[in-house]
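Structure first, then comments.
The numbers here are math on the coordinates, done by the rules we state, and not lab data. Computed from a predicted structure; not experimentally measured. As a convention, Cβ positions derive from the backbone with ideal geometry for all residues, glycine included, and neighbour counts pool all protein chains shown.
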Amino acid sequence: MKETPLSNCERRFLLRAIEEKKRLDGRQTYDYRNIKISFGTDYGCCIVELGKTRVLGQVSCELVSPKLNRATEGILFFNLELSQMAAPAFEPGRQSDLLVKLNRLLERCLRNSKCIDTESLCVVAGEKVWQIRVDLHLLNHDGNIIDAASIAAIVALCHFRRPDVSVQGDEVTLYTLEERDPVPLSIHHMPICVSFAFFQQGTYLLVDPSEREERVMDGLLVIAMNKHREICTIQSSGGIMLLKDQVLRCSKIAGVKVVEITELIQKALENDQKVRKEGGKFGFAESMANQRITAFKMEKAPIDTSDVEEKAEEIISEAEPPSEVFLNLLSVSKPVLWTPGTAQIGEGIENSWGHLEDSEKEDEDEGGSDEATILDGMKMDTGVEVSNIGSQDAPIVLSDSEEEEMIILEPDKNPKKIRTQTISATQVKAPSKKPVKKRKKKRAAN
Amino acid sequence: MAVLQSRKAGDGEGGEGKVVACWDVGGRGRKGLAHVFSPTLPQIRGSRARALPDRALVNCQYSSATFSTGERKRRPHGDRKSCEMGLQLRQTFEAAILTQLHPRSQIDIYVQVLQADGGTYAACVNAATLAVLDAGIPMRDFVCACSAGFVDGTALADLSHVEEAAGGPQLALALLPASGQIALLEMDARLHEDHLEQVLEAAAWASRDVHTVLDRVVRQHVQEASVLLGD
């Protein structure tokens with residue numbers, strides 16, 4: 001399904017709001033959305049929620065033979081998939097650009113930064129090494145997939161335990177989970193991606209763009225850092241022109257954010273560790289009871305409403321006075337309360353469908369009988385009612401009955417001035433034929 | 001040393017011009033070849049549905065020859081790395097080319113790496129810039145790219161393959177020299193934040209040097225061409 005395009009007024013609204021340093025969900029320009037991390041029963045399975053964006057990460061391992069030019073290193077494999085449930089626009093064949101971009105960014109962030117010690121994954125040099133596979137699935141897309149995915153990947157890797165292996169001479173023994181406790185991976189540092197969205201040719205900057213903000217942004221800058229303030233990856237995308245000082249400023253902001261997020265991750269990992277050790281219940285099923293996984297809860301948006309009254313007064317005073325028609329109506333009629341919750345003010349302005357019906361009838365005359373049949377069939381009933389309503393003098397008969405007692409009032413009043421002479425001629429000719437013609441066609445349509 | 005060869009293919013479909021520019025870094029041998037098809041006619045090659053009503057569509061394809069690296073590459077194109085390079089080139093040139101002047105048309109840039117010794121992205125961008133200029137497509141400015149790295153406390157510009165393989169941080173930067181705006185910034189491997197400025201500065205300085213070379217080559221070529229035309 002193709003993505004619904006963003007309407008111009010929504011785009012303008014978002015851009016205007018950003019210019020005034022306001023975001024739709026009430027965040028400040030450098031604020032992240034709420035991050036929730038939950039773990040599954042297996043080691044290495046986690047779900048990360050960044051606002052409403054959800055990514056599921058799962059780590060698995062396998063013993064394989066190593067690459068020829070890297071005989072003593074384990075193999076890391078990352079894969080991010082944009083599930084079709086994430087957004088209506090994601091379809092199996094359609095996502096390639098975004099998918100390639102995200103996957104490459106994740107690979108570079110996690111693999112090139114050497115966050116995992118691949119040497120420790122070696123079992124028998126040149127013959128057997130561990131292949132660690134990280135699978136990430138995007139479950140819901142509400143902007144900023146990269147950040148959520150990088151957090152999910154690193155959390156899953158930190159949470160994962162691989163089976164213990166011992167080597168005695170030529171013998172390799174792989175212990176199952178029952179025999180020996182599984183061993184965690186050795187992780188040097190935790191690189192976390194921070195995304196910056198640029199608007200209006202780089203004038204405005206937002207951290208952690210939501211889906212709407214992503215649609216109107218000019219470009220994106222992703223900086224992956226760890227808590228030691230080492231930059232692991234920088235990637236600018238979207239065709240924005242950056243200046244050097246913008247990049248440096250972003251890196252400073254990223255440093256601060258990464259420290260916060262790393263603390264959160266550590267806390268979550270510790271909590272889970274504690275629960276497992278104490279023998280408590282863990283896993284997604286546990287989180288379900290607290291409605292943390294299956295429910296989408298909208299949190300109260302912290303919007304500043306202190307100056308709403310003044311703003312409202314300003315707008316009202318600056319607004320144009322209502323048009324004459326409305327003034328007359330309003331002065332004439334007072335609100336009538338029918339029942340609690342239902343009130344009526346006035347009776348609306350004059351219905352202009354009568355004029356439309358005239359033009360429709362003239363069209364039918366012009367158009368040839370063939371194409372007019374279908375039109376007639378559809379417009380028949382509406383034609384009856386509308387024409388009745390259109391005439392001010394005749395009683396208003398609102399019925400959809402398809403009985404033959406059709407009184408078609410000929411449009412002898414004001415045909416449109418644009419119409420040429422010929423049309424009015426046919427119109428004049430038609431009256432006598434019209435009722436008969438219409439009835440016949442109606443039977444044909446029925 | 002940049003060699004600008006401009007060969008316009010004769011009557012292609014609808015008179016499209018094909019321009020070839022070859023960017024050759026002497027000595028270490030980094031050769032990239034760029035072909036640009038000029039959007040002379042508002043004809044879309046491939047899917048018309050993707051035409052943008054107000055701008056030109058820029059399509060970039062990156063391919064590295066199987067003999068370009070030390071070991072023979074098995075998949076010259078279609079793998080993720082080539083796709084990513086293509087996307088990055090596209091992003092760079094969409095920012096630099098004045099696409100508003102050619103609505104509903106498509107500009108194709110095909111880059112082929114003949115010999116890779118590090119800094120392939122930079123070589124591709126430089127070659128493509130020359131090709132686009134020669135094709136007569138209006139651009140905001142030259143796009144000059146260079147890679148940079150950081151070893152032992154020193155920022156290095158224009159890394160070779162050996163330096164890249166050593167595993168230190170590498171930065172690829174595409175710059176519009178006149179305004180100093182960065183069209184694309186890409187960095188791999190760990191670099192401490194404090195050193196970022198140094199490395200950025202090194203890459204920017206090297207890109208400006210590349211700009212002087214490109215400028216000289218283009219002017220030379222124009223001079224030769226005008227002499228041949230007998231103006």
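Determine if the stretch A:188-207 includes at least one residue that is in a strand (DSSP E or B), of a type in the set (A, V, I, L, M, F, W, C) and more than 25 Å from A:ASP25 (Cα to Cα).
Taking every residue of the stretch A:188-207 in turn, none turns out to be in a strand (DSSP E or B), of a type in the set (A, V, I, L, M, F, W, C) and more than 25 Å from A:ASP25 (Cα to Cα).
Which of the strands (runs of 3 or more DSSP E) contained wholly in the stretch A:30-111 include at least 1 residues that are over 30 Å from A:GLY280 (Cα atoms)?
Once the strands (runs of 3 or more DSSP E) in the stretch A:30-111 are filtered for at least 1 residues that are over 30 Å from A:GLY280 (Cα atoms), what remains is A:53-64, A:75-82.
Restricting the stretch A:91-105 to residues that are within 14 Å of A:GLN235 (Cβ to Cβ) and in contact (Cβ under 8 Å) with a residue 60 or more places away in the chain, which is farthest from the other protein chains (Cβ to nearest Cβ)?
The extreme case among them is A:LEU105.
B:GLY168: within 11 Å of chain A (Cβ to nearest Cβ), surrounded by fewer than 23 Cβ atoms within 10 Å (Cβ to Cβ), closer than 22 Å to A:ARG104 by Cα and not aliphatic (A, V, I, L, M), yes or no?
It is true that B:GLY168 is within 11 Å of chain A (Cβ to nearest Cβ), surrounded by fewer than 23 Cβ atoms within 10 Å (Cβ to Cβ), closer than 22 Å to A:ARG104 by Cα and not aliphatic (A, V, I, L, M).
Go through the residues of the stretch B:127-149 one by one and say whether even a single one is more than 26 Å from B:ALA95 (Cα to Cα), surrounded by fewer than 19 Cβ atoms within 10 Å (Cβ to Cβ) and not basic (Lys, Arg).
no
Among the numbered criteria (1) aromatic (Phe, Trp, Tyr); (2) closer than 15 Å to A:ILE146 by Cβ; (3) within 17 Å of the chain's Cα centre (by Cα), which single criterion is violated by A:PHE78?
Condition (3) is where A:PHE78 drops out.
Taking the stretch B:197-217 as the search range and keeping residues that are crowded, with 21+ Cβ neighbours inside 10 Å and within 13 Å of another protein chain (Cβ to nearest Cβ), which one is nearest to B:LEU133 (Cα to Cα)?
So, considering only residues that are crowded, with 21+ Cβ neighbours inside 10 Å and within 13 Å of another protein chain (Cβ to nearest Cβ), the one nearest to B:LEU133 (Cα to Cα) is B:SER207.
Given the residues A:CYS61, A:CYS109, which is the only one that is closer than 21 Å to A:VAL259 by Cα and not small (Gly, Ala, Ser)?
When all the criteria are applied, what remains is A:CYS109.
For the stretch A:213-251, enumerate the residues that are within 8 Å of chain B (Cβ to nearest Cβ) and part of a strand (DSSP E or B).
A:LEU221, A:MET225, A:GLU230, A:ILE231, A:CYS232, A:THR233, A:ILE234, A:GLN235, A:SER236, A:SER237, A:LEU242
What is the residue count in the stretch B:127-143 for residues that are under 8 Å from the mean Cα position of the chain (by Cα) and within 14 Å of chain A (Cβ to nearest Cβ)?
1
Can you name the condition, by its number, that B:ASP158 falls short on among (1) within 8 Å of chain A (Cβ to nearest Cβ); (2) within 15 Å of the chain's Cα centre (by Cα); (3) over 27 Å from A:VAL258 (Cα atoms)?
The one condition B:ASP158 does not meet is (1).
When you look at B:ALA189, is it more than 7 Å from chain A (Cβ to nearest Cβ) and buried (at least 20 other Cβ atoms within 10 Å of the Cβ), yes or no?
No, not satisfied.
Every residue in the stretch B:84-126 that is more than 14 Å from chain A (Cβ to nearest Cβ), small (Gly, Ala, Ser) and in a helix (DSSP H, G or I), please.
B:ALA122, B:ALA123
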